[in-house]
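The values are calculated or read from the model by the stated rules, or taken from the named source; none is laboratory data. Just so we're clear, the structure is a prediction, and the values are computed from it rather than from any experiment. Virtual Cβ from ideal backbone geometry, glycine too; neighbours counted across all protein chains shown. Note: areas computed on protein heavy atoms with side chains; ligands, DNA, RNA excluded. Shrake-Rupley method; radii C 1.70, N 1.55, O 1.52, S 1.80 Å.
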Amino acid sequence: MRCKKGQQFIIEGAPVNGLFFVLKGKVKVFRTGIIGREQIVRFATAGEIIGHRGFGTEEYYSIGAIALEETVLCYFSKNDLQDILQANPKFAYDMMLFYANELNRSESKVKSISQMTVRERVIDTLLYINKKFGSNKGFLDVPLSRREYAEYAGTTEEQVIRIFSALKKENFIISKGKKIGINDIQLLKNEISEHNFYLDS
């Protein structure tokens, strides 16, 4: 299955029919908050699974997913996946470890974020994006808007713009339009060294 940039392939609240493996491309996974505000849960790239939390007992997807660039996905229906899991114990074991790791990361992230300032959450987001997608010609290799950074960091677009401006003045980052580059990864890590940064890798 091929998705164009900006195409939504999982709709929040839709019936769960299966899950997706990302073969190529970049995806953002989000959910709608209490007041209708979008919150980015995580980003995914080649080799990762999307929609796995809806697999099993859930009847409806609790998340939505949108391609950030042209993306190639492999879709498995619930029935096909159940057949594979029952026929292949090694695959079933690997999936169990995957779910356990996901749960551990989610719990650790909640604990860490509750102890972070807004500035630290924005820095954590930059480090996570860098770890997830890397850089290209000195800039993070994914074109995110300031609003998308805010939706992942759990803050407002205005706060992100303000913090990016401060980080730029302090020579931690560079920017060119939507593009953001990190001057020194270690220096940025030091800013949140008391926390376990970029937990949701």
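Just the accessible area per residue of the chain, please: how many Å² with a 1.4 Å probe? Value for the chain: 55 Å² per residue.
Note on Ser77 and Ile185: the extension gain reaches 34.8 nm, defined as 0.36 nm multiplied by sequence separation minus the Cα-Cα distance. Principal-axis analysis of the Cα atoms of the chain puts helix 157-169 at an angle of about 50° to the longest axis. In this structure, the amide hydrogen of Lys5, modeled 1.01 Å from its nitrogen in the peptide plane, lies closer than 5 angstrom to those of Glu70, counting only residues at least 5 positions away or on a different chain.
Rounded to the nearest 10 degrees, the inclination of helix 78-87 to the longest alpha-carbon principal axis of the chain is 80 degrees.
If you line up the long axis of helix 89-114 against the longest principal axis of the chain, both from Cα atoms, how many degrees apart are they, to the nearest 10? That helix lies at roughly 30 degrees to the long axis.
Summing Cβ point charges (Lys, Arg +1; Asp, Glu -1) relative to the Cα centre of the chain gives a dipole of roughly 700 debye.
Between the amide H of Asp141 and those of Gly134, Ser135, Asn136, distances stay under 5 Å, these residues lying 5 or more places away or on another chain, with hydrogens modeled in the peptide plane.
For region 1-27 versus region 62-138, the spacing of their alpha-carbon centroids is 14 Å. By the helix-only formula, in which each DSSP H run with n ≥ 4 contributes -39500 (n - 2.57) and the sum is divided by residues, the chain has a 222 nm mean residue ellipticity of -12500 deg cm²/dmol. Amide hydrogen proximity for Val41: with H placed 1.01 Å from N in the peptide plane, the residues at 5 or more positions away or on another chain lying under 5 Å are Val29, Phe30, Arg31. Would you mind getting me the FRET efficiency between Lys24 and Ser135? Use the beta-carbon distance for r and R0 = 22 Å, nearest 0.05. That gives a FRET efficiency of 0.70.
If a/c stays under 1.5 just call it rounded; otherwise compare a/b with b/c (prolate if a/b is bigger, oblate if not). Do that for region 6-63, with a ≥ b ≥ c from the square roots of the Cα gyration tensor eigenvalues. Oblate, because a/c is 1.5 or more while a/b does not exceed b/c. Rounded to the nearest 20 debye, the dipole magnitude of region 120-169 is 220 debye, with +1 charges on Lys and Arg beta carbons, -1 on Asp and Glu beta carbons, and the Cα centre as origin.
Summarising the overall dimensions of the chain from its C-alpha atoms, the Rg and Dmax are 17.7, 57 angstrom.
The label-point distance for Thr32 and Ser114, in a model that sets each label 7 Å from Cα toward Cβ, rounds to 2.7 nm. The length gained on full extension between Glu70 and Tyr99, counted as 0.36 nm times the residue separation minus their Cα-Cα distance, comes to 7.7 nm.
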